[in-house]
């Protein structure tokens, strides 16, 4: 693996990020990479919010991974801030090389840097390989998740 640079995403990264979001069985059914307009609008909101960090991993100048970290201040846990990691994606031709671990460990380090008390994430029940990946990184399955589509 070449040197990996993890940085804040820019508007120029949107197409590559959306391509990764759409590149699996679940993403193919919910993403529309041919129409980037809604993603550009979402990116502008994310980029303007200091509690959001949309990160990309670059290898040899190519975007090969992405994730989003949301920092949520709260009253529980004695006023703790938690980091929520979402949309972890690695480009198909770079998977199984350790890049996902590098990216998630970066997010954990960023949460520590921001004095978060907890890093949490959810993973679709169908993503059993991802569940094993997160367990190997030290995450524990501690909750059941619920969603309500609006």
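Laboratory data are not the source of any read-out in this text; all were calculated from the coordinates shown. Worth saying up front: this structure is predicted, and the values here are computed from it rather than measured. In this analysis, Cβ positions are derived from the backbone assuming ideal geometry, glycine residues included, and neighbour counts consider all displayed protein chains.
Need one word for the stretch 48-129: rounded, prolate or oblate. Basis is the Cα gyration tensor (sqrt eigenvalues a ≥ b ≥ c); a/c below 1.5 gives rounded, then a/b vs b/c decides. Provide the component values of the computation, followed by the final result.
Details: a/c = 2.37, a/b = 1.68, b/c = 1.41.
In terms of gyration-tensor shape, prolate.
For 90, 14, what ranking results if the residue with the fewest other Cβ atoms within 10 Å of its Cβ goes first?
On the way: 90 22, 14 18.
Listing 90, 14 from fewest to most nearby Cβ atoms yields 14, 90.
Among 35, 49, 129, which one shows the highest mean-square fluctuation when the chain is modelled as a Gaussian network with alpha-carbon springs under 10 Å?
Ranking 35, 49, 129 by mean-square fluctuation puts 129 first.
How much mean residue ellipticity at 222 nm does the chain get from its helices, if each DSSP H run of length 4 or more adds -39500 (n - 2.57) and you divide by all residues, to the nearest 500 deg cm²/dmol? Please report the intermediate quantities before stating the final value.
Working: 6 runs with 55 residues, N = 150.
Helices in the chain give a 222 nm mean residue ellipticity of -10500 deg cm²/dmol.
Compute the Cα gyration tensor for the chain, then decide on rounded, prolate or oblate, letting a ≥ b ≥ c be the square roots of its eigenvalues: rounded whenever a/c is under 1.5, prolate when a/b is larger than b/c in the other cases, and oblate in all that remain. Mind dumping the intermediate values first?
Values: a/c = 1.29, a/b = 1.25, b/c = 1.04.
Because its axes are fairly even, with a/c under 1.5, the chain counts as rounded.
Under 1.5 on a/c is rounded, so check that first for the stretch 105-149, then, if it is not, pick prolate when a/b is larger than b/c and oblate when it is not; a ≥ b ≥ c are the square roots of the alpha carbon gyration tensor eigenvalues.
Values: a/c = 2.39, a/b = 1.48, b/c = 1.61.
Taking the square roots of the gyration eigenvalues as a ≥ b ≥ c, the stretch 105-149 is oblate.
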